[in-house]
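*Asks:* One structure, as structure tokens, below. Some questions next.
Taken together, the values in this text are just the output of simple stated rules run on the coordinates, not laboratory data. All figures in this text were calculated on a predicted structure; none of them were measured in a lab. All Cβ positions, even for glycine, are placed from backbone atoms using ideal geometry, and neighbour counts span all protein chains on display.
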Amino acid sequence: MIFVGEGGLLQSTLLFTRHSNVSIDMVYSPTDELAGFCAKHQIPFRKVANINDEAEHMAELACSDKIVFSINNGWLFRKPILSLPGFRFYNIHSGLIPKYRGKPEVCIIFALLNGEKEYGVSLHEIDENIDTGRCLAIRKFPLGAHTTFEDVMVQCLASCEAIFNENLHKIIRGETFESPVLPEPTSKLYSYKDLVKLAEHKTAPSYANATEFGLFEMWFAKAHTLISQL
């Protein structure tokens, strides 16, 4: 099994995978953040500039299951990777697709502004577009009148870990997934360009909650700075 991404969520999924006696063939990451962690747990690690330049390296790995998981990964997989024969690619997204696709932090902000009563995370196959691959599973949680961005992100991280743990062996065994009931689709793809539109929502009752990053303020420093300048 191959992992692509970074951060604490990836660490958690790597540990669960190891404890499940599943072989980890490589972790590709854009920084050295996980190098020490992987060395400690004897997990192969490779820092790369762009995952799409690693198609040849990935193809040459002795990866028996040819399963690739994207966990907290900022790269979009392109044809050189997605066309590798026999490989299967999966992503866990902090948002209920197809309604909330794109940057997770922006999706959360607008879900709160839109007055959603529930939110959640999605496990889906990866194609060449953003969060448009076939959805295999979702995990929901309720949103209340006083729910903040920080609250949602904490729930998303826990739900991402849970949905991975619940479905890892189903994916390994190649089991058929029943199609989950999905939110009504929209064509919206949320990105940082949408943050400038927040100025239109500053008088909304949910604006303070939607932009209350709390302990994630430094994690999403760019988004916090853009919002503070509105």
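*Asks:* Diagonalise the Cα gyration tensor of the range 2-228 and give the resulting equivalent ellipsoid semi-axes, square root of 5 times each eigenvalue, largest first, whole Å.
*Replies:* For the range 2-228, the ellipsoid semi-axes come out as 31, 19, 17 Å.
*Asks:* How many nm is it between the label spots at residue 207 and residue 177, if each spot is 7 Å from the Cα in line with the beta carbon?
*Replies:* Once both label points are built, they end up 3.8 nm from each other.
*Asks:* If every alpha-carbon in the range 129-230 counts as one equal scatterer, what log10 I(q)/I(0) does Debye give at q = 0.10, 0.25 1/Å?
*Replies:* Debye output, listed in q order: -0.40, -1.42.
*Asks:* Moving to a separate point now. Using 0.36 nm per residue of separation minus the Cα-Cα distance, give me the extension gain between residue 228 and residue 117 in nm, one decimal.
*Replies:* 37.3 nm
*Asks:* Just to check I understand the Karplus step: with θ = phi - 60° and J = 6.51 cos²θ - 1.76 cosθ + 1.60, what whole-Hz values come out for the range 131-139, glycine and proline as x?
*Replies:* Result, ordered by residue: 6, 10, x, 4, 7, 9, 7, 10, 9 Hz.
*Asks:* Assuming a ≥ b ≥ c are the square roots of the Cα gyration tensor eigenvalues, decide whether the range 18-80 counts as rounded (a/c under 1.5), prolate (otherwise, with a/b larger than b/c) or oblate.
*Replies:* Working: a/c = 1.75, a/b = 1.21, b/c = 1.44.
Since a/c reaches 1.5 but b/c is at least a/b, the shape of the range 18-80 is classed as oblate.
*Asks:* What full-extension length gain, to one decimal in nm, is calculated for residue 186 and residue 48 as 0.36 nm per residue of separation minus the Cα-Cα distance?
*Replies:* Full extension from residue 186 to residue 48 adds 46.3 nm.
*Asks:* Multiply the residue separation of residue 134 and residue 16 by 0.36 nm, subtract the distance between their alpha-carbon atoms, and state the gained length in nm to one decimal. Spell out each step's value before the answer.
*Replies:* Values: separation 118, 0.36 × 118 = 42.48 nm, distance 2.42 nm.
Extra length available between residue 134 and residue 16 comes to 40.1 nm.
*Asks:* While we're on this one: Summing Lys, Arg as +1 and Asp, Glu as -1, what charge do residues with Cβ under 13 Å from the Cβ of residue 134 carry, residue 134 excluded?
*Replies:* Net of charged neighbours comes to -3.
*Asks:* Now, a different point. How far apart, in nm, are two points set 7 Å out from the Cα along the Cα-to-Cβ line at residue 39 and at residue 194?
*Replies:* Reported label-point gap for residue 39 and residue 194 is 4.0 nm.
*Asks:* Something else about it: Which whole-Hz couplings ³J(HN,Hα) result when phi for each residue of the range 144-151 is put into the Karplus expression 6.51 cos²θ - 1.76 cosθ + 1.60, θ = phi - 60°, listed in order with x for Gly and Pro?
*Replies:* So the Karplus estimates, Gly and Pro as x, are x, 5, 10, 5, 9, 3, 4, 4 Hz.
*Asks:* Compare the peptides 208-218, 154-164 by average per-residue count of other Cβ atoms within 10 angstrom and give them in order, highest first.
*Replies:* Numbers: 208-218: 16.0, 154-164: 19.2.
In descending order of packing, they fall as 154-164, 208-218.
*Asks:* Right, something else. Note down the magnitude of the dipole of the chain about its Cα centre, charges +1 on Lys and Arg C-beta and -1 on Asp and Glu C-beta and zero elsewhere, to the nearest 20 debye.
*Replies:* The calculated dipole for the chain is roughly 180 debye.
*Asks:* Work out from phi, with θ = phi - 60° and the Karplus expression 6.51 cos²θ - 1.76 cosθ + 1.60, the ³J(HN,Hα) of each residue of the range 4-14, listed in order in whole Hz, and give x for Gly and Pro.
*Replies:* Whole-Hz 3J(HN,Hα) from phi for the range 4-14: 10, x, 6, x, x, 4, 5, 4, 4, 5, 5.
*Asks:* 5 Å is the cut-off here: which amide hydrogens, built 1.01 Å from N in the peptide plane, fall below it relative to residue 45, excluding neighbours closer than 5 in sequence?
*Replies:* For residue 45, the qualifying residues are 27.
*Asks:* Follow-up question, since we're still on this one. Counting Lys +1, Arg +1, Asp -1, Glu -1, what net charge surrounds residue 219 among other residues with beta carbon under 11 Å of its beta carbon?
*Replies:* Neighbourhood net charge equals -2.
*Asks:* Once label points are set 7 Å from the Cα along Cα→Cβ at both residue 169 and residue 127, what is their separation, rounded to one decimal in nm?
*Replies:* 3.1
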